[in-house]
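For reference, the structure is listed below as C-alpha cells.
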Amino acid sequence: MLLTVLALIPIYLMHQTSAKVSTKDKARLMLIGVLIAIHWVCFYGSIKLANVSIALVCISSVGLFTAVLEPVFFKSKFVWNDIIIGLLSLIGILFIFQFDIHFRTGILVGLISAFFASIFTIINKRLTAQHNTQTIQTFEMIGGLFFLTLVIISINAYQHTTFIIPTQTDWFWLIILALVCTVLANHLMLNALKKISAFTMNVTLNLEPVYGIIIAIILFQEQKQMGKGFYIGIVLIAISVLLQMIRVMRQQIHK
C-alpha cells in the first residue's frame, strides 16, 4: 500500500482542481481506506488459510452483500432480481464450502473480505458524484496505509515477529501489484461507478474468479486440491455473472 500511495500522490497533485477538499471529507475518505485495508488483509488471509482459487471464489459473494446493503445505504427499494442473482453466487460458494471441508476457515475469512468490499464499493458510488477519482483514491489509500502500519507495529510488538525484507523479484511484483492491479484498476472501477450501480460493478467483478482460477491452475496446479463441489460452484457463479450482464445489456437497449 505504501507503493500505491507514493504513486498516487504525484497523480493527485497533477490533477488537483480549484475546489478544495475539506478536512472532514478527507477524514471520511481515509476511514473508507481502513475498510479497503481490512478487505485486503482478509483476502490475503483467505489465500493463506485456503488457496488462491478459494479466496477468489469468496469474492463472488460481494454481489449478494451489495444487493442487500445498497438499498439500505441509499434508502431505496430492494431489487429482487439482484438478490436472486446474488443468491445464485452464494449457492455456488456453499457447494464449495460443503465439499471442501478443510478450506472452511479460509472461506469464512474470504466472505468477510467480500463483505467489506461490498461496503466500500457502495460508499464509493456516492463519493464519485462529489469528488474526482484521484482525490478518492489518494486519501483512501493514505487511510489504509496508516491503518496497516498500526496493525503491523502492534502485531510485531505482541508477537516479536521478524520483518521480512522483499527480494528484487518481490519488489518487481509489488510494483506491478501497486501500479497495475491497484492504481489503474481502482481508477477504472471508480470511473465505472459514475455510470453503473455498485451491484453491477460487483457482479461484474465475479468474473475475477474465473480468469484468476485459470491462472492459479496454470501457476500453482491448484486443480489437484479441488473436488466436484468446487467446479459445480464455479459454474453457478459464472451463470450469475452472465445473467447480470444480460440484464445490463437489456437496460442499455431500452434506454
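Some values worked out for this structure:
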quantity: Residue-span extension gain [K228 to I196] - 0.36 nm each, minus C-alpha spacing; calculated: 8.0 nm
quantity: Alpha carbon Rg of the range 1-127, scaled by the compact-globule rule 2.2 N^0.38 Å; calculated: 1.25
quantity: Qualifying trypsin sites (Lys or Arg not before Pro) in the range 19-51, DSSP loop, other Cβ atoms within 10 Å at most 10; calculated: K20
quantity: Trypsin sites (Lys or Arg not before Pro) restricted to the range 125-216 and DSSP loop, no more than 11 other C-beta within 10 Å; calculated: K194, K195
quantity: FRET efficiency estimate (nearest 0.05) - Cβ-Cβ, V79 to L174, R0 45 angstrom; calculated: 0.70
quantity: For the chain, diffusion coefficient by Stokes-Einstein and Kirkwood Rh (Cα), 10 °C, 1.306 mPa s, µm²/s; calculated: 82 µm²/s
quantity: Karplus-derived HN-Hα couplings along the range 28-34 (A = 6.51, B = -1.76, C = 1.60, θ = phi - 60°), whole Hz, x at Gly and Pro; calculated: 4, 4, 5, 5, 5, x, 5
quantity: Within the chain: Cβ-based charge dipole about Cα centre, in debye rounded to nearest 20 (Lys, Arg +1; Asp, Glu -1); calculated: 760 debye
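Any read-out appearing in this document is the output of simple, stated calculations on the displayed coordinates, not a laboratory observation. In this text the structure is predicted, and so the values were computed from the model without any measurement. Glycine gets a Cβ as well: all are built from the backbone with ideal geometry, and neighbour counts include every protein chain shown.
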